[in-house]
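Since the structure comes first, as structure tokens, the remarks are kept for the end.
Taken together, the values in this text are just the output of simple stated rules run on the coordinates, not laboratory data. Worth saying up front: this structure is predicted, and the values here are computed from it rather than measured. Reconstructed Cβ throughout: ideal geometry from the backbone, glycine too, with neighbour counts over all protein chains shown.
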Protein chains: 2
Amino acid sequence: MIPRAAKTQRRTRIQEEKEEKILQAALDVFSAYGFRGATIDQIAEAAGMSKPNLLYYFRTKEAIHRALLDRMLFTWLEPLQAFDSEGNPETEIRSYIRRKLEMSRDYPRESRLFANEIIQGAQHIEDGLKGPLKELVDEKAEVIRAWIKAGKIAKCDPYHLIFSIWSTTQHYADFDVQVQAVLGDKSGEGRFEDAARFLEDLFMRGLGIK
Amino acid sequence: MIPRAAKTQRRTRIQEEKEEKILQAALDVFSAYGFRGATIDQIAEAAGMSKPNLLYYFRTKEAIHRALLDRMLFTWLEPLQAFDSEGNPETEIRSYIRRKLEMSRDYPRESRLFANEIIQGAQHIEDGLKGPLKELVDEKAEVIRAWIKAGKIAKCDPYHLIFSIWSTTQHYADFDVQVQAVLGDKSGEGRFEDAARFLEDLFMRGLGIK
DNA sequence: TTGATATTTGACCGATTGGTAAAAGCTTAC
DNA sequence: GTAAGCTTTTACCAATCGGTCAAATATCAA
């Protein structure tokens with residue numbers, strides 16, 4: 001009867017499928033309107049099921065949102081995880097920019113979900129920011145500091161460096177409408193490569209690499 | 001009876017005051033929840049008046065939002081307007097970064113209002129983006145291109161350069177919660193100067209200036 | 001002081017909100 | 001095939017949504 005903690009402990013095939021379908025629909029709606037602006041009815045319709053049916057799988061609107069954010073924070077942090085202290089600055093930073101840019105291109109809804117949440121005060125994810133995110137950033141900031149000390153990159157504040165990579169890459173997902181309005185609908189193909197080349201050049205030169 | 005187009009054609013002192021108070025309250029609410037997530041009741045309470053009283057000055061929720069965005073787009077574009085083709089690249093770009101960063105510090109609600117609107121599809125401001133904004137950016141992109149041709153700054157895509165300045169500077173307003181979570185509540189004072197120094201250095205070196 | 005006008009209020013409207021109750025329909029292991 | 005449990009639906013709820021209306025009240029020029 002209660003699916004989340006059924007006696008069997010094992011999730012049904014139907015549960016698996018429906019929950020995934022709900023999360024996909026919820027991602028559409030939450031990323032487009034934010035938490036408060038989204039409605040369960042909208043999500044249910046996008047998922048192709050009735051509202052009570054949806055509420056059978058997720059007991060509240062907040063539960064859906066939380067499930068999405070949990071999954072999100074993990075994939076959002078992944079590229080930074082890959083940041084390797086052993087590697088050399090050029091390839092590490094270059095590929096970090098690439099990966100973040102690819103995420104903006106391939107998962108714009110996830111990026112906007114996250115952006116909406118942060119802009120609106122991060123009330124549902126505050127712990128995730130002050131916990132795992134801060135720890136990871138602190139760790140990688142140390143790596144950058146070590147590169148600076150070794151004279152491999154120019155002296156700069158590692159935290160603001162990370163912020164600037166985040167903001168410039170996510171911009172293409174979060175502010176896509178604005179980017180499209182300015183660049184026109186043309187050049188949709190080359191856009192990604194143009195942005196990648198620009199950002200890589202900017203940061204390489206900006207950090208005195210190469 | 002109808003305040004916006006009264007017979008007198010002249011706005012009353014009370015009108016002036018109340019409308020301003022409503023817009024301030026609406027800025028709080030819209031910037032925190034986006035258009036759909038905000039409610040008239042919230043705005044009315046924040047403005048210290050009853051809902052029907054508020055609706056006496058602005059006929060619909062959308063009218064308040066539109067009034068805010070109109071005012072906003074103007075001030076948002078102002079720093080870019082100041083971008084002078086006569087000046088030299090270093091001072092122009094430096095001061096543009098400064099001004100955008102100051103806007104993030106001094107008008108974070110306005111920045112978030114704008115960010116919410118764009119992220120959520122810019123349905124209420126699309127014309128403003130494809131019209132005045134695009135024209136202004138096109139114009140300033142030409143200025144940058146001229147600097148490149150004159151060999152004053154490194155070769156790069158002027159549009160992506162503008163995007164990167166927008167995103168890095170606005171980040172400190174829109175994603176303030178995240179920045180605070182990562183940097184900790186300490187160093188609130190020096191934060192602005194740290195960011196300014198980092199970004200100026202990054203872009204100066206990145207553009208081969210100095 | 002008065003009358004015209006500008007402002008404010010309380011009571012109300014239909015639609016939508018997040019969520020519930022209970023029963024009907026469906027799967028699946030046996 | 002059947003019974004136990006899983007899934008879906010219909011009908012519904014109180015609260016809140018954006019917005020209206022008419023009456024009451026405040027302001028101000030003459």
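Overview of results
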{"read-out": "Student exercise, the protein assembly as shown dipole from Lys, Arg, Asp, Glu Cβ charges, in Debye to nearest 20", "value": "560"}
{"read-out": "For the stretch B:159-173, 3J(HN,Hα) per residue [Karplus equation, 6.51 cos²θ - 1.76 cosθ + 1.60, θ = phi - 60°, Hz, x = Gly/Pro]", "value": "5, 5, 5, 4, 4, 5, 6, 3, 5, 5, 6, 5, 3, 6, 8"}
{"read-out": "Residue-wise HN-Hα coupling along the stretch A:15-31, computed from phi with Karplus coefficients 6.51, -1.76, 1.60 (Hz; x: Gly, Pro)", "value": "4, 3, 5, 5, 4, 5, 5, 4, 5, 4, 5, 5, 4, 4, 6, 4, 5"}
{"read-out": "Residue B:50-residue A:189 pseudo-label distance in nm [points 7 Å out on the Cα-to-Cβ vector]", "value": "6.4"}
{"read-out": "Cα convex hull of the protein assembly as shown, projected area averaged across orientations, nm²", "value": "24.8"}
{"read-out": "Low-density loop positions, trypsin sites (Lys or Arg not before Pro), the stretch B:56-105 - DSSP coil, at most 13 other Cβ in 10 Å", "value": "B:59"}
{"read-out": "Shape category assigned to the stretch B:100-198 from the gyration tensor of Cα positions, a/c cut at 1.5", "value": "oblate"}
{"read-out": "FRET efficiency for residue B:126 and residue B:67, using Cβ-Cβ distance with R0 set to 30 Å, rounded to 0.05", "value": "0.95"}
{"read-out": "Modelled FRET efficiency - R0 30 Å, residue B:99 with residue A:210, Cβ distances, 0.05 increments", "value": "0.45"}
{"read-out": "Rh by Kirkwood over Cα pairs, then Stokes-Einstein D for the stretch A:25-88 at 1.567 mPa s and 4 °C, µm²/s", "value": "98"}
{"read-out": "Over chain A: helical MRE at 222 nm, DSSP H runs n ≥ 4 each giving -39500 (n - 2.57), nearest 500", "value": "-23000 deg cm²/dmol"}
{"read-out": "Cleavage-rule hits, trypsin sites (Lys or Arg not before Pro), the stretch B:10-54, DSSP coil, Cβ neighbours within 10 Å at most 16", "value": "B:10, B:11"}
{"read-out": "Chain A: translational diffusion in µm²/s, Stokes-Einstein, Kirkwood Rh over Cα pairs, 37 °C, 0.692 mPa s", "value": "171"}
